[in-house]
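Remarks on the structure that follows.
The values are calculated or read from the model by the stated rules, or taken from the named source; none is laboratory data. This is a predicted model, so every value here is computed, not measured. So basically every Cβ, Gly included, is an ideal-geometry build from the backbone, and we count neighbours across all protein chains shown. The area values use the complete protein model at the heavy-atom level, side chains included, leaving out ligands, DNA and RNA. Shrake-Rupley method; radii C 1.70, N 1.55, O 1.52, S 1.80 Å.
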Amino acid sequence: MISLINKNAIYLAILLCLCFSCKEKNSATNKTTTPSVTTIGDIPIYDFNDLEPLLYTNTNKTYIINFWAMWCAPCVKELPYIQEYADKNPDVEVLLVSMDFIKDIDTKLKPFLKERNITSKVILLDDPDANSWIDKVNPDWSGAIPFTIIFNNKTRKFYERSFENLKDLEKQITTNF
Amino acid sequence: MKKISILIATICLSAGILTSCKNDTSKKTGEVTEHKQNEKGHGEHGDHKGPPPHGEKGDHKGPPRGGSPEQTRTLEEIGGYKIGDVAEDFSLKNVDGSMVSLASYKDAKGYIVTFTCNGCPFSVLYEDRLIALNNTYAPKGYPVIAINGNNHENEKESYEAMQKRSEEKGFTFPYLVDEGQKVYPKFGAVRTPHIFLLDSDLKVQYIGTIDDNAKSPENVKVKYVEDAIAALEKGEKPNPNFTKAIGCPIK
């Protein structure tokens, strides 16, 4: 009995250590650490510093990062194409960066995603001083959305426009990646 | 035995605290209703590596960095006025039925030309600030002139909807229809709200956003448009003269 308590105490201690050691990036422990980002109803809220590392990779895996919002009509229109592409290509990683309002997460964003069967990973970017970070994403980006980055460790493509259909998106990826 | 395990736990805990991030006060995960920006830059980043260092940031004309970027429509291609260009005057219909042009303002020292619309939440967030800008600066010679560049066949952006919005909010400035969507591409307005501050010679002196916080006016730190006007008043060039913001695309 005592040894059981001991074991639990040790596990707890190790777990705590892992949780607290947040400076260790890219190590094997990453999977066990918990993101320090606040989440509301499964949607993590990031500022640009949280988001920035996700815009780069050192592997040849293809990533699609789409900046969008529910209030942006062309974004809403292209979202199903991106989801469809994600469904057909599980080896491609899709991240939907929502520019919506925090207050709308539970009441609007979650029902919106459910209704449209959007199962790709969604995070909410809440970083009000957009002028400070838009150029860091891409100096040619005006700030209008939708805006999409498709990249791996060799190639980066920026799209300040919406994809017209699934084919359009597929073509961009097959010809460039 | 029990003591040893407590000892181990204590050592680990203190080690953990020592290696933890500075200022990281909130360790809560899971469902939190209150929003807080916590410490940055870690978590499940998987194989992502850090971004390359930022060199010359803030220069919108600079070449894109990293990889071989390709953009379908770059800012350059979108075109429109650049700082120092002289804007062409326009004559557009106001919500009160009158025609408004820049030449209608005889004594203007400058013009706060603002592309906005009815439906964009970012435009709505800035309505009160736009009214305040006009009330403060129109008497000083810098009137706000709002233009709706969206397609007016869209019900939400129709002339009637604009009239309604202007009346509801009590706009103290003209709210003009860009009929045929001819004026906004000349300026190169791409999102709403998008401000073009012109001087008395219609020379473009500032392009960008009103301030640095759309979502909460009380947390604004930099008022770009007001700073730009202050610079013009002193006979100086606005700095910065170009800012970006997230906004709704003009469609």
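Take peptides B:175-184, A:136-145 and line them up by average Cβ neighbours within 10 Å, highest first, as a rough protection proxy.
Details: B:175-184: 18.2, A:136-145: 23.2.
Packing order, densest peptide first, comes out as A:136-145, B:175-184.
Chains A and B together bury some 6600 Å² of accessible area, summed over both sides, with a 1.4 Å probe.
Could you tell me how far the Cα centroid of the range A:57-102 sits from the Cα centroid of the range B:184-251, in Å? Result: 30 Å between the Cα centres. Taking other residues whose beta carbon is less than 11 angstrom from the beta carbon of A:ASP168, and scoring Lys, Arg as +1 and Asp, Glu as -1, yields 0.
Checked against a 25 Å cut-off, the cross-linked pairs B:LYS215/B:LYS237; A:LYS110/A:LYS171; A:LYS103/B:LYS156 give Cα-Cα distances beyond that limit for B:LYS215/B:LYS237; A:LYS110/A:LYS171. Per-residue packing, averaged as other Cβ atoms within 10 Å, sorts the ranges B:116-123, B:134-141, A:64-71, B:232-239 into the order B:116-123, A:64-71, B:134-141, B:232-239, beginning with the highest.
Over the range B:78-249, what is the mean sequence separation of C-alpha contacts under 8 Å (at least six apart), divided by residue count, expressed as relative contact order in percent?
Working: 327 pairs, mean separation 48.2, N = 172.
For the range B:78-249, the relative contact order is 28 percent.
What average count of beta carbons from other chains do you get within 10 Å of the Cβ of residues in A:124-133?
Numbers: counts 1, 1, 3, 3, 11, 11, 10, 13, 6, 3.
Mean shielding by partner chains, rounded to a whole number: 6.
Here the spin labels are modelled as points 7 Å beyond Cα on the Cα-Cβ line, and at A:ILE173 and B:ASN151 they lie 2.8 nm apart. So what's the gap between the Cα centers of the range B:97-125 and the range A:105-171, to the nearest angstrom? If you average the Cα positions of each part, the centres end up 30 Å apart.
List the pairs from A:LYS154/B:LYS203; B:LYS182/B:LYS223; A:LYS121/B:LYS244; B:LYS109/B:LYS186; B:LYS203/B:LYS251 whose alpha-carbon separation is above 31 Å, in the order I gave them. Before the final figure, lay out each step's value.
Values: A:LYS154/B:LYS203 42 Å; B:LYS182/B:LYS223 29 Å; A:LYS121/B:LYS244 27 Å; B:LYS109/B:LYS186 22 Å; B:LYS203/B:LYS251 26 Å.
From the list (A:LYS154/B:LYS203; B:LYS182/B:LYS223; A:LYS121/B:LYS244; B:LYS109/B:LYS186; B:LYS203/B:LYS251), the Cα-Cα distance tops 31 Å for A:LYS154/B:LYS203.
Of all DSSP beta bridges confined to the range B:78-249, the antiparallel ones make up roughly 65%. Local charge for A:VAL92 was computed over the other residues whose Cβ lies under 11 Å away, with Lys and Arg +1 and Asp and Glu -1, and equals -2.
Full extension from B:LYS182 to B:ASN219: what is 0.36 nm times the residue separation minus their Cα-Cα distance, to one decimal in nm?
Values: separation 37, 0.36 × 37 = 13.32 nm, distance 3.57 nm.
Length gained between B:LYS182 and B:ASN219: 9.8 nm.
Summing +1 for each Lys or Arg and -1 for each Asp or Glu among the other residues whose beta-carbon sits under 14 angstrom from that of B:ASN151 gives -2.
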